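The values are calculated or read from the model by the stated rules, or taken from the named source; none is laboratory data. Bear in mind the structure is a predicted one, so any value in this text is a computation, not a measurement. Here the Cβ positions follow ideal geometry from the backbone for every residue, glycine too, while neighbour counts run over all protein chains shown. To get the accessible areas, we keep the full protein, side chains included, count just its heavy atoms, and leave off ligands, DNA and RNA. Shrake-Rupley method; radii C 1.70, N 1.55, O 1.52, S 1.80 Å.
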Amino acid sequence: VSLQYSVSVRNAKLDAIETTISTTPVMKIRTGSVPANCAASDTGTVVATLTLPSDWMAAASSGSKGKSGTWQDTSADATGTAAHFRIYASDGTTCHIQGTVTATGGGGDLTVDNVSFASGQSFTVNSFTITDNNA
């Protein structure tokens, strides 16, 4: 039997993610495969680096937590195909979250308006939601 939590516990777990990572985390969008876990070394080429808003996630509700504010880069770092992302503490090196990147509708953990990045192009992160599954 799997553990089941109340919505209040699920929301508290999700809100602890933003508290732990803190304000102004750094997101790097990269080419290539997602590393095995956050402790593994970075892989791929960084195609974009964003400093996320100070309050970067909305308060958890109904067991999920979505991005807050505008996640946008006005000038991509390099040309390449976005395939995964990592969210780091504000130091830009301590990885806390990672996942896949796809274009909107592609089913990735993070969706952007276009996965084909050109150096200097502007892009927007369209959606990012974390869900606690132990309902």
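Every residue, every condition in (1) part of a loop (DSSP other than H, G, I, E, B); (2) open to solvent by 40 Å² or more (accessible area, probe 1.4 Å); (3) more than 16 Å from ASN126 (Cβ to Cβ); (4) modelled with pLDDT under 95, yes or no:
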position	(1), (2), (3), (4)
MET27	no, no, no, no
VAL34	yes, yes, yes, no
ALA39	yes, yes, yes, no
THR49	no, yes, yes, no
SER54	yes, yes, yes, yes
ALA76	yes, no, no, no
ARG86	no, no, yes, no
GLY92	yes, no, yes, yes
GLN98	no, yes, yes, no
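Only one entry of GLY105, GLY69, GLY99 meets the criterion of being within 14 Å of the chain's Cα centre (by Cα) and farther than 23 Å from CYS38 by Cα, and that entry is GLY69.
For THR129, state whether it is open to solvent by 60 Å² or more (accessible area, probe 1.4 Å), within 22 Å of LYS65 (Cβ to Cβ) and either in contact (Cβ under 8 Å) with a residue 60 or more places away in the chain or in a loop (DSSP other than H, G, I, E, B) (or both). The answer is yes for THR129.
ALA58 passes all but one of (1) within 14 Å of the chain's Cα centre (by Cα); (2) touching a residue at least 12 places away in the same chain (Cβ under 8 Å); which number fails? All conditions are met except number (2). If you check every pair at least six apart or on different chains, which have Cβ atoms under 6 Å apart with a residue in the stretch 11-31 that is farther than 12 Å from ALA58 by Cα first and a residue that is in a strand (DSSP E or B) and open to solvent by 50 Å² or more (accessible area, probe 1.4 Å) second? Once the first residue is farther than 12 Å from ALA58 by Cα and sits in the stretch 11-31, its partners that are in a strand (DSSP E or B) and open to solvent by 50 Å² or more (accessible area, probe 1.4 Å) give ILE21/HIS96; THR24/THR51; VAL26/THR51; LYS28/THR49; THR31/THR81.
Give the residue that is nearest to ILE130 (Cα to Cα), with candidates limited to residues of the stretch 57-69 that are in a loop (DSSP other than H, G, I, E, B) and touching a strand residue (DSSP E or B) at 6+ places or on another chain (Cβ under 7 Å).
Checking each candidate, the answer is GLY63.
Taking the criterion of being farther than 19 Å from THR45 by Cβ and either open to solvent by less than 40 Å² (accessible area, probe 1.4 Å) or small (Gly, Ala, Ser) (or both), the residues of the stretch 101-121 that qualify are GLY105, GLY106, GLY107, THR111.
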